[in-house]
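The values are calculated or read from the model by the stated rules, or taken from the named source; none is laboratory data. Everything numeric here is computed off the predicted structure, so don't read it as measured data. Here the Cβ is made from the backbone with ideal geometry for all residues, glycine too, and neighbour counts use every protein chain on show. To get the accessible areas, we keep the full protein, side chains included, count just its heavy atoms, and leave off ligands, DNA and RNA. Shrake-Rupley method; radii C 1.70, N 1.55, O 1.52, S 1.80 Å.
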Amino acid sequence: MDLKEKLTILADSAKYDASCSSSGSNRKSNGIGNTAVAGICHSFSADGRCISLLKILLTNCCIYDCKYCLNRRTNNIKRATFTSLEICSITMNFYRRNYIEGLFISSGIIKSPDYTMNLIIDAISLLRNKYHFGGYIHAKAIPGASDVLIKKLGLLVDRLSANVELPTEEGLKLLAPNKESDKVDKIMNYVNKNKSNKFVPAGQSTQMIIGATSENDLDIMTKSSKLYENHKLKRVFYSAYIPVNKDNLLPTLDKPPLLREHRLYQADWLLRYYNFKVDEILDKDNPNFNLLLDPKANWALKHLEEFPKEINTCSYLDLLKIPGIGVTSAKRIISSRKYFTIDFKDLKKMGIVLKRAKYFITCNKKYFTSENMFNKKIIERNLILEETIEKNTNIEQLTLFK
Amino acid sequence: MKKSNYIFLYNNEFIDLLNLIKLLIKKRIIPLNIKNDKYQANLFEETLKLDYEQDDNIINEIIKASSKEVFNTIYKIFLSNKDDKEIIIYYFLLQSFKYKNKIFYMRNLCGVNEALKITKYVEHETHKFKGFLRFKELKGNILYAEIEPENNILFFVSKHFQRRLKNEYWIIEDKKRNLLSIYDKNKFFLTSTENFTLMQKELSECEEDVLELWKSFYKTIAIKERTNERCRMNFMPKKYWKYIIEMSDEIEKNS
């Protein structure tokens, strides 16, 4: 099998992992390469996702039989395995030409978790120590591998992660009977405890498949929130389920639930940067996100008594609660209002998008239009209208994929 | 300060512009506009060339009177492709002498928002090119890249690759401005294509194979069920495709 065919097989098998980030590390080396704290996107594929890393599997051979996975044991597909040398050669050739920011390597399980981990470690140590590669490396830890190996790998890479795959234990039992969630937990624990400038400097992330099992958004967000709290994860990635196998246990979908995935990302942002708690945005009576409205706008409409907020006086945390105001805008408002009183005209000059925000604020005690327009029904209708226009003209999902 | 109806001319160089602005502020003149001396004035416009100093020390003077951040900002504006960049620099400098670094928060002042927006635009494009730039390996182990950015970001991009590919010989050519950045494993220097001709651009032996490998990776990694042309275009506008080698097939397909 030639290298091109191998790469095609092993990239094809790796593409369902959503993680693409190359950020959070500040590595310098004497050899080739460094990393950029902010991360760099090198290209965008036809699905609009960023290509930052050479995303491949070491092998797509696997002893497991997870129902949702293309590489499951019982699938009759072409199998391939990279040698360490091949991985190094492709990575170096791509990196020198500035095609990529680094390597993202995962693997099917051959023989045993430890055996597979050793293969990954071999490839990456060759890359780091013989080729003096100083670019970004994200490796997947194999659940069930021993601590010694996790330590060894963690010292070589920027990011090490293990995928939760399914948000609940029941889901896992149903679709991935060979995987146990406590093994993933164990890795996350170990990485979190030992994280340093030398060991997994860019932290860990994980991924959940959305829509393959019956969990609702509340289950998913609760899981995420726990992961952020207990293991200090940098990111949880959500991956809309795409049917690659036929199985009675799997749902049949016309289209992957992309909008739902988008809402989960928006909510994920609210948890990490906007100081929201899961029970503020979802509850037992409303366990799923409103597909018509983004989670923050949805929350704001339910708590209209907290609005409108006065731009010139309300706190930073209050600014963050305003739909349409992000971290950059909130910071800009805080630092500007020290020097002058802000009115609507100034907000525009400051580059703050008012499309959603205008319904929820006052500037110098003035509302943007007549005050009797501050009414739940009117605002809701306008917001949904804006969102529909936006969706039809552009961006939709993935703008959060950085 | 008094308003003038003249368009003041400077000698195309950043240092010249700064010296001219210094003189204008000293004479308390608010110019109608400032343009480089290649500017073609129309019938109703009057241009004026002042006899300003040619003082390199102006950079230090400006940093002292405002701040390093202000200086970096106006340099980025100067490298932008905006038509009115000179007059925007004038207003931004004038006000930053008064407000120092507070200027960055005073977007309500005349021209400040405009200036900061242009800075962002230049920084943003620099960041994009750190990713979108593609090297080809030439015979003799030299990496060569062509770019056509909107703004003159060759210097900033070169700084990035000086750190990243420090043990390589590389050359980056700005095809729009006929500029070259040449790196010799130690320092890079910028020069015009008039002063330096690339004798050969023949590709190294393995180059085609690596490119083919990359193209097939690029095609494979997209998830068919998630195809989203608009989203791709948003992040990677078509104007940049020409030199993003994995897009060459797409360009053919579209034309």
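Axis angle, to the nearest 10 degrees, between helix A:3-12 and the longest C-alpha principal axis of chain A: 40 degrees. Among the residues of B:153-164, the average count of other protein chain beta-carbon atoms within 10 Å of the residue beta-carbon is 2.
Relative contact order of region A:108-172: what whole-number percent is it, with Cα pairs under 8 angstrom and at least 6 residues apart? 34 percent.
Close amide H partners of A:Phe104, meaning residues 5 or more places away or on another chain with modelled amide H under 5 Å apart, are A:Leu54, A:Lys55, A:Ile56, A:His138. Based on Cα contacts under 8 Å between residues 6+ apart, region B:2-124 shows a relative contact order of 25 percent.
A cut-off of 5 Å between modelled amide H atoms, ignoring neighbours fewer than 5 places along the same chain, links B:Tyr169 with B:Leu143.
Using the rule -39500 (n - 2.57) for each DSSP H run of four or more residues, divided by the residues of chain B, the 222 nm mean residue ellipticity is -13000 deg cm²/dmol. Here chain B is treated with +1 on each Lys and Arg Cβ and -1 on each Asp and Glu Cβ, and its dipole about the Cα centre works out to around 1340 debye. Counting Cβ atoms of other protein chains within 10 Å of each Cβ in B:127-140 and taking the mean gives 4. Roughly what angle does helix B:207-221 make with the longest principal axis of chain B, taking Cα atoms, 0 to 90 degrees, to the nearest 10? Value to nearest ten degrees: 90.
The label point for A:Lys255 and the one for A:Lys183, both projected 7 Å from the Cα toward the Cβ, are 3.7 nm apart.
Taken residue by residue and averaged, Cβ atoms of other chains lying within 10 Å of the Cβ of A:90-101 number 6. A full extension of the chain between A:Leu291 and A:Leu3 corresponds to an added length of 99.3 nm, given 0.36 nm per residue minus the alpha carbon distance. How many angstrom separate the Cα center of region A:9-42 from the Cα center of region B:133-183? Region A:9-42 and region B:133-183 have Cα centres separated by 21 Å. Principal axis analysis of the Cα atoms in region A:3-281 yields extents of 48, 46, 38 Å, listed in decreasing size. Take the Cα of B:Lys38, step 7 Å toward its Cβ, do the same at A:Thr74, and the gap between the two points is 7.0 nm. Please determine, in degrees from 0 to 90 and to the nearest 10, the orientation of helix A:84-96 with respect to the longest principal axis defined by the Cα atoms of chain A, where the helix direction is its Cα long axis. Helix A:84-96 and the main axis of chain A meet at about 40 degrees. Computed in the context of the full set of protein chains, the accessible area of the protein assembly as shown at 1.4 Å probe radius has 51% of its extent on carbon or sulfur. With contributions of -39500 (n - 2.57) from each DSSP H run of at least four residues, the per-residue ellipticity at 222 nm computed over chain A stands at -11000 deg cm²/dmol.
Charge dipole of chain A (Cα centre as origin; +1 on each Lys and Arg Cβ, -1 on each Asp and Glu Cβ, all else neutral): 1300 debye, rounded to the nearest 20.
Report the Cα centroid-to-centroid distance between region B:197-255 and region B:23-82 in angstrom, as an integer. Using only Cα atoms to place each centre, the spacing works out to 41 Å. The equivalent ellipsoid that matches the C-alpha gyration tensor of the protein assembly as shown spans semi-axes of 46, 36, 21 angstrom, in descending order. Spacing of the modelled spin labels on A:Tyr273 and B:Glu202, each 7 Å from Cα toward Cβ, amounts to 5.1 nm. Cα centroids of region A:175-191 and region A:241-287: 21 Å apart. Based on the Cβ-Cβ distance from A:Lys151 to B:Asn167, what FRET efficiency comes out when R0 is 22 Å, to the nearest 0.05? Efficiency, from the Cβ-Cβ distance: 0.15.
The smallest convex shape that holds all Cα atoms of region A:142-292, its convex hull, gives 123 Å³ per residue.
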